[in-house]
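These notes are about the structure you will find just below.
The values are calculated or read from the model by the stated rules, or taken from the named source; none is laboratory data. Predicted, not measured: the structure shown is a model, and the values here were computed from it. Note that each Cβ is placed from the backbone with ideal geometry, even for glycine, and that neighbours are counted across all protein chains shown.
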Amino acid sequence: MYRLTSCFPSFFRPFRTLERLITLSNNGKLCREMSTYVRDTRAVQILKENDDLCKDALERGVFTVLYDMKPLLVKATGRRGLSIPWWDTNELMQKLFQLRMDPEAILPQCVLLNGCTEQHTTRFAFNISSKNIAGTKDVPSDLQTQVEETFGASVFNVRKALFVVSPTEGQLMSQAHSLLSWHASHQFCSQCGGNSTKNLAGSKRRCAACEAEHYPQMAPVGIVLVSHEDKCLLARQKQFPPGMYSALAGFCDMGESLEDTVRREVAEEVGLEVDTVSYMSSQHWPFPHSSIMLGCNATVRSMELEVDKTELEDAQWFSLPQIQVALMAGPLGFDHSKKTSESIPLWIPPREAIAHQLIRNWAEKKLKSL
């Protein structure tokens, strides 16, 4: 069996596993009353702050792999779509050796993912880069093909992958992509410019020069479905596939509340003044870097649009029957090229997107009120 003692010399010392941490935490009366979710969450939090324990978890963890920040996926069992494959440490080490890669250089780049399996096994993610990184020997031009063949999985674009895996796996994939991307682009301290290094779990970086600590951050985005009586407002950007319309969205400015962001974005993009704002739910979105999408509903008193063409290609009011047809039809635009000349019916983002949930929620409420 391949062991990580060769990668991390300190592994010869006996460390407690995640399962052991959970068992120990059950000794007190308060801990015995905790839910499984609370116990697992607290155990993972300990691993984020303790490199020694995280090393032990690495030896017994399971891993998902990305290639150039794109996930490796396999066909899902028992349902339609794709799924994230997981490899234990021994399997992963063997595959890295087959690819002539050095685990000692690659595994420390892993990031710890939130949550764990039902067997209390910690989940990790790491990225194989096509660039000549430490731990690789003469990166071949067909590295992606070799990676896919070795792991028995296919590389997928992250945007599309998020819509073909389960919601739970989508969250893990989103977190893995965002964390790995953040570490790749934050290798220098923002205070002094010195080199920074990540802790083993990947939950933070520390500057070697000034000792400043840096944590991953998300950008808040307000996404809003605007409505007036029995119609809702949808818009499209130039890069959208043909026929696709979605809810309005924009980044929160410094000093703004979520309500302020909604009012400003609606005024800027379509020239309407918002009357009421209500919050629905949120969703992490790994683009453009890492965002938290804050879903809202808003009503307006006027329907007269003044579309900002620098931001949007088009914006239109759609009736409830039009929205019902779009909800039943699904993401038709995926089957059409941007160069097609045929007429494309209205279609909306897939059900995994918060924009879809905003639109569906509005339609269902309208139907109940009829």
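Which ones in segment 77-118 are assigned to a loop (DSSP other than H, G, I, E, B) and under 17 Å from L172 (Cα atoms)? Full working, then the answer.
Just the residues of segment 77-118 that are assigned to a loop (DSSP other than H, G, I, E, B), to begin with: 77-81, 84-86, 99-100, 102, 110, 117-118.
Within segment 77-118, G81, I84, P85, W86, C110, T117, E118 qualify.
Find the residue count for segment 273-298, including only residues that are over 29 Å from F163 (Cβ atoms), loosely packed, with under 14 Cβ neighbours inside 10 Å and either of a type outside the set (D, E, K, R) or assigned by TED's automatic domain parsing to the domain that holds N157 (or both).
Of all residues in segment 273-298, those over 29 Å from F163 (Cβ atoms) come to 273-276.
Filter once more, keeping what is loosely packed, with under 14 Cβ neighbours inside 10 Å: 273, 275-276.
Filter once more, keeping what is either of a type outside the set (D, E, K, R) or assigned by TED's automatic domain parsing to the domain that holds N157 (or both): 276.
Of the residues in that region, 1 qualify.
Residue under question is S178, and the condition is that it be in the same structural domain as V65 (by TED's automatic domain parsing) and at pLDDT below 95; does it hold? Break it down into steps so the answer makes sense when it comes.
Numbers: in the same structural domain as V65 (by TED's automatic domain parsing): yes; at pLDDT below 95: no.
Against the criterion (in the same structural domain as V65 (by TED's automatic domain parsing) and at pLDDT below 95), S178 does not qualify.
Do you know which residues across segment 181-224 are charged (D, E, K, R) and either buried (at least 20 other Cβ atoms within 10 Å of the Cβ) or in the same structural domain as A353 (by TED's automatic domain parsing) (or both)? Working first, answer last.
If we filter segment 181-224 for residues that are charged (D, E, K, R), which is where we start, we get 198, 204-206, 211, 213.
K198, R205 - these are the residues of segment 181-224 that are charged (D, E, K, R) and either buried (at least 20 other Cβ atoms within 10 Å of the Cβ) or in the same structural domain as A353 (by TED's automatic domain parsing) (or both).
Residues that are surrounded by fewer than 16 Cβ atoms within 10 Å (Cβ to Cβ) and among the hydroxyl-bearing types (S, T, Y) within segment 167-180 comprise just one, T168.
If you go through segment 172-203 and keep only what is more than 15 Å from H289 (Cβ to Cβ) and in contact with a helix residue (DSSP H, G or I) (Cβ under 8 Å, 6 or more places away or on another chain), you end up with M173, K198, N199, L200, A201, G202, S203.
Of the residues in segment 303-324, none is touching a Ser or Thr at 6+ places or on another chain (Cβ under 7 Å) and either under 28 Å from P345 (Cα atoms) or modelled with pLDDT under 95 (or both).
Listed here are the residues, each with its yes/no results for (1) within 24 Å of C252 (Cβ to Cβ); (2) touching a Ser or Thr at 6+ places or on another chain (Cβ under 8 Å).
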residue: F188; (1), (2): no, yes
residue: C192; (1), (2): no, no
residue: A201; (1), (2): no, no
residue: C210; (1), (2): no, no
residue: M218; (1), (2): yes, yes
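Taking the numbered list (1) part of a strand (DSSP E or B); (2) in contact with a Ser or Thr (Cβ under 6 Å, 6 or more places away or on another chain); (3) not aromatic (F, W, Y) in turn, S178 passes all entries but (1). Condition check for R159 on (1) at pLDDT below 95; (2) closer than 18 Å to D68 by Cβ; (3) in contact with a strand residue (DSSP E or B) (Cβ under 8 Å, 6 or more places away or on another chain): one failure, at (3).
The residues of segment 266-280 that are of a type in the set (G, A, S) and on the phi < 0 side of the Ramachandran plot, listed by number, are A267, S278.
The residue of segment 150-167 that is farthest from the chain's Cα centre (by Cα), among those that are β-branched (V, I, T) and more than 16 Å from A353 (Cβ to Cβ), is T150.
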